[in-house]
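The values are calculated or read from the model by the stated rules, or taken from the named source; none is laboratory data. Quantities reported herein were computed from a predicted structural model and do not represent experimental measurements. So basically every Cβ, Gly included, is an ideal-geometry build from the backbone, and we count neighbours across all protein chains shown. Side chains included, ligands, DNA and RNA excluded: accessible areas come from the protein's heavy atoms. Shrake-Rupley method; radii C 1.70, N 1.55, O 1.52, S 1.80 Å.
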Amino acid sequence: MDTYVFRKQIHKLPGRVIHRVPLPEPQVVEGHGARAQIGEICKEKGYTHVLVVTDKTLRELGYEQKILQSLKAAGVRHTLFYGIDSEPTAALIEKGRKIAMKYNTECVIALGGGSVMDTCKMIVAGARLPHLSTRALLVKFLIVPGKTLPMITVPSTAGTGAEITVGAVVTRTRGTKGSTVIVGLDVTHVILDSELTIHAPQVVTAACGMDALSHVVEGTVSDVAVDVEDAYRSLEGVKLILHHLPVVIREPENIESRLAMCRAAMYGGNAINTQLAGYVHAFAHSIGAKYHIPHGQAISLMMLPVLEYQMDACLRKYALMARYCGLADVHTEDRIAAERFLQAVKDLIVTCGLNTLPLPVKESDYEELTRMVAKDSINYSAPMTFSEEDIRRVLLRVTGR
């Protein structure tokens, strides 16, 4: 049965709910090698012991060393946990939580991508709730009285925006994924360090950049009312990515553009917190889960088909983005401006080399994917509600590309 009527009736509900969740208000520190400032930050906060969490790859590259050296120079004791080699799981969270509580950790420093960030969010929450089992933490909304342990985030990619989002995606014991919104998450500092992204492979830079673009674009067109500052951050994120992602593809060591991409990704995280996502994510989550392809690649496959399909519903906001990014002016008709915006996205996908990605979607899977997309879309306040027929038509656009 098509759940269209139900989904249309509640489509504003997620936006109302997310605005009741208190959001972190971190201090942002950015620069090439900025993570070397963490020791002084911790010293100023009066921390005597911190937990540094990273993954095995970054540990092998030695990217945590500047942080550890700065902590040592500042006289702040630390414990290093680098056992993360997969997406967050209950077992990883439990291990990290036990370490944090054993050493009376006063702050957790998260160095890595989305998996590290989400694991650390659950650690800082779980350490404040020692009476709960890890399994009991994995609920839709985890309320932490007061706040979680303080957390300093150091993203190693410019894409997920997880350094600032209040949600964490965790793989349950049976292998299924679920999202937990942490009410009371205390991210005190975000460190944007271009040195961490400058040597990323082009395919990673491109996929992460498209993920960030999807966040700020879907934030801008969402049916959620936000204040002027949040609206500005999303628009600025679109502009930064359209300008700077082609630069870092051509010039991987361009520090200015790398930092701009880090900033844009953080703005994307803010968009998720305040404006949520939309059908690009609903489709990407579904085909990613079905065919086991990386999230950034799934986003790249679904971006244009979804944006083009909802053109009429988003005409004014597409035109707004075009004008803000200098693709049109106030005299340009909305439809022409909107078309220029979509062309800019298409050109960016080509520049990133993502237009040649293999197409995993099979017609025989349409029915299952349609159910998956419809179910996932309930989490968002999209500019229009897709019927099951709408979803199938978008899938046809993908396979017929």
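Given a 1.4 Å probe and every protein chain left where it sits, what share in percent of the accessible area of the stretch 303-401 is carbon and sulfur? Intermediate results must be reported in sequence, preceding the final value.
Details: 2440 of 4960 Å².
Looking at the stretch 303-401 in its full context, I get 49 percent from C and S.
Gain in length, ARG397 to THR351, computed as 0.36 nm per residue apart minus the alpha-carbon separation, to one decimal in nm?
Numbers: separation 46, 0.36 × 46 = 16.56 nm, distance 2.11 nm.
Result: 14.4 nm gained on full extension.
Any chance you could check the Cα centroid distance between the stretch 151-167 and the stretch 83-113 for me, in angstrom?
Value for the Cα centre distance between the two parts: 15 Å.
Considering only DSSP beta bridges whose two residues both sit in the chain, what percent are antiparallel, to the nearest 5? Don't skip to the answer; put the middle values down first.
Numbers: 5 of 31 bridges.
Of all bridge pairs located within the chain, approximately 15 percent are antiparallel.
Extent of the chain along each principal axis, from alpha carbon coordinates, in Å, largest to smallest?
That works out to 60, 46, 39 Å along the principal axes.
How many angstrom lie between the C-alpha centres of the stretch 54-80 and the stretch 1-42?
Each part's Cα centre sits 27 Å from the other's.
Could you give the length gained by full extension between GLU236 and ILE378, i.e. 0.36 nm per residue of separation minus their alpha carbon distance, to one decimal place? Don't jump to the answer; show the numbers that get you there.
On the way: separation 142, 0.36 × 142 = 51.12 nm, distance 2.71 nm.
Length gained, GLU236 through ILE378: 48.4 nm.
Specify which residue in the list ILE164, THR148, ALA36 is farthest towards the positive end of the charge dipole of the chain, using unit charges on the beta carbon of Lys, Arg (+1) and Asp, Glu (-1), about the Cα centre.
THR148
Which of the lysines could be linked to LYS147 by a straight reach, that is with a Cα gap under 24 Å, when you skip same-chain ones fewer than 8 residues away?
Hits, sequence-local ones excluded: LYS43, LYS45, LYS95, LYS98, LYS102, LYS121.
Given a 1.4 angstrom probe, what's the average accessible area per residue across the chain, in square angstrom? Show your work: numbers first, answer last.
Working: 17210 Å² over 401 residues.
Averaged over the residues of the chain, the accessible area is 43 Å².
Nearest 10 degrees, 0 to 90: what angle lies between the long axis of helix 311-324 and the longest principal axis of the chain (Cα atoms)?
That works out to roughly 60 degrees.
Which peptide among 254-262, 151-159, 336-344 comes first, and what is the full order, when sorted by highest mean count of other Cβ atoms within 10 Å? Write down the numbers at each step before the final one.
Values: 254-262: 22.0, 151-159: 28.6, 336-344: 18.9.
The packing order, highest mean first, is 151-159, 254-262, 336-344.
Please compute the net charge surrounding MET266, taking Lys and Arg as +1 and Asp and Glu as -1 over other residues with Cβ under 10 Å from its Cβ. Walk me through the numbers on the way to the answer.
Details: positive: ARG233, ARG263; negative: GLU30, GLU163.
With Lys, Arg at +1 and Asp, Glu at -1, the net is 0.
For a quick check of your reading of the filter: which trypsin sites (Lys or Arg not before Pro) in the stretch 1-48 sit in a DSSP loop and have no more than 14 other Cβ atoms within 10 Å? Before the final figure, lay out the partial values.
On the way: sites: ARG7, LYS8, LYS12, ARG16, ARG20, ARG35, LYS43, LYS45; in loops: LYS12, ARG20.
The qualifying sites are LYS12, ARG20.
Over the stretch 136-181, what percent of the accessible surface lies on carbon and sulfur atoms, probe 1.4 Å?
Details: 1110 of 1780 Å².
Ligands and nucleic acids excluded, carbon and sulfur give 62 percent.
Kindly identify the stretch 53-106 as rounded, prolate or oblate by the Cα gyration tensor criterion: order the square roots of the eigenvalues as a ≥ b ≥ c, call it rounded if a/c is under 1.5, otherwise compare a/b with b/c, prolate if a/b is larger, else oblate.
Working: a/c = 3.93, a/b = 1.23, b/c = 3.19.
Cα axes put the stretch 53-106 in the oblate bin.
Given 0.36 nm per residue, what is the gain on full extension from GLU368 to GLU333 after removing their alpha carbon distance, in nm? Don't jump to the answer; show the numbers that get you there.
On the way: separation 35, 0.36 × 35 = 12.60 nm, distance 3.96 nm.
Difference between extended and current length: 8.6 nm.
For a quick protection proxy, order the peptides 308-314, 166-172, 205-211 by their average other-Cβ count within 10 Å, most packed first.
My ranking of the peptides, most packed first, is 205-211, 166-172, 308-314.
Which residue, ARG135, ARG233, ARG59, tops the fluctuation ranking in a GNM of the chain built on C-alpha contacts under 10 Å?
Between ARG135, ARG233, ARG59, it is ARG135 that shows the largest mean-square fluctuation.
Show that you can apply the helix-only estimate: for the chain, add -39,500 (n - 2.57) for every DSSP H stretch of four or more residues, divide by all residues, and state [θ] at 222 nm to the nearest 500. Don't skip to the end; give the middle numbers.
Details: 17 runs with 215 residues, N = 401.
Calculated at 222 nm, the ellipticity per residue is -17000 deg cm²/dmol.
Classify the stretch 83-178 from the C-alpha gyration tensor, please: rounded if a/c falls under 1.5, else prolate or oblate depending on whether a/b exceeds b/c.
Numbers: a/c = 1.41, a/b = 1.10, b/c = 1.27.
Since a/c stays below 1.5, the shape of the stretch 83-178 is classed as rounded.
Roll a 1.4 angstrom probe over the protein heavy atoms and tell me the percent of accessible area of the stretch 2-110 that is carbon or sulfur.
Numbers: 3010 of 5890 Å².
That share works out to 51 percent.
Beyond 19 Å, what percent of the Cα pairs of the stretch 288-360 remain? Don't skip to the end; give the middle numbers.
Numbers: 1081 of 2628 pairs.
Roughly 41 percent, once rounded to a whole number.
Roughly what angle does helix 65-74 make with the longest principal axis of the chain, taking Cα atoms, 0 to 90 degrees, to the nearest 10?
The answer is roughly 40 degrees.
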